[in-house]
């Protein structure tokens, strides 16, 4: 997902470039072969003017929208994007880009909740998502040990759950999760997984999860923002929203 600054490591950029060698054909194949699965997008300030009616007409049924980052950034486009998605009839939710090096998980969960990240059982609101991934500004794991990272995520997750009765969706990559949490299986029982993998198959999942709820399979496509799939049918997506 997009954060305030681009990823800084040459290795990460090169790896993503290598993954993209044949992706144009792959992504079209994914879109064509999995139309039965609900299509989604996730957007941020990098997509300030989404035509939500067109997105809906293109077959998109859900969206995640960036609300916050750390404890200092509130997306100026969140409100209009969230309202636009709602008015177009999409199931939608908010996501928070984590900065585990700047404040506690509880502090960031409360900031997220205060600025659009809440949940209600209205049938159209997805549980908030924690975007926990590569540090865009420094050390890959934000200077935290694996044990400290797991504790930070637990702090965020339990705080969010206490306020909403829902555990947040966890967005990550298998590589980052393995490196920075020691491939912890502590969250699989409660937190839905949203895996980022730009390839023709999801591949190996982080420990504990036997399936992913959402799959971000491309960072561009026929609709704005990142391209996503829900692992199920429309009724299943509605159940996720209803809780």
Restricting to segment 156-204, name every residue that is out of contact with any helix residue (DSSP H, G or I) (no Cβ under 6 Å at 6 or more places or on another chain) and assigned to a helix (DSSP H, G or I). 157, 158, 161, 162, 164, 174, 175, 176, 177, 178, 179
Which pairs have Cβ atoms under 6 Å, sit 6 or more apart or on different chains, and link a residue in segment 116-137 that is under 18 Å from residue 242 (Cα atoms) to one that is modelled with pLDDT under 95 and surrounded by fewer than 24 Cβ atoms within 10 Å (Cβ to Cβ)? 121/243
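Would you please name the residue that is farthest from residue 172 (Cα to Cα), looking only at residues in segment 207-222 that are part of a loop (DSSP other than H, G, I, E, B) and in contact with a strand residue (DSSP E or B) (Cβ under 8 Å, 6 or more places away or on another chain)? Give the derivation first.
Taking segment 207-222 as the starting set, the residues that turn out to be part of a loop (DSSP other than H, G, I, E, B) are 207-213, 219-222.
This time we only want the ones that are in contact with a strand residue (DSSP E or B) (Cβ under 8 Å, 6 or more places away or on another chain), so: 209, 211-213, 219-221.
Working: 209: 12, 211: 14, 212: 11, 213: 12, 219: 14, 220: 18, 221: 20 Å.
Checking each candidate, the answer is 221.
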Test residue 188 against the criterion of being touching a strand residue (DSSP E or B) at 6+ places or on another chain (Cβ under 9 Å), surrounded by 17 or more Cβ atoms within 10 Å (Cβ to Cβ) and more than 20 Å from residue 90 (Cβ to Cβ), and give yes or no. no
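The values are calculated or read from the model by the stated rules, or taken from the named source; none is laboratory data. Given the structure is predicted, the values throughout are model-derived calculations rather than measurements. Please note: Cβ atoms are built from the backbone with ideal geometry, for glycine as well, and neighbour counts cover all protein chains shown.
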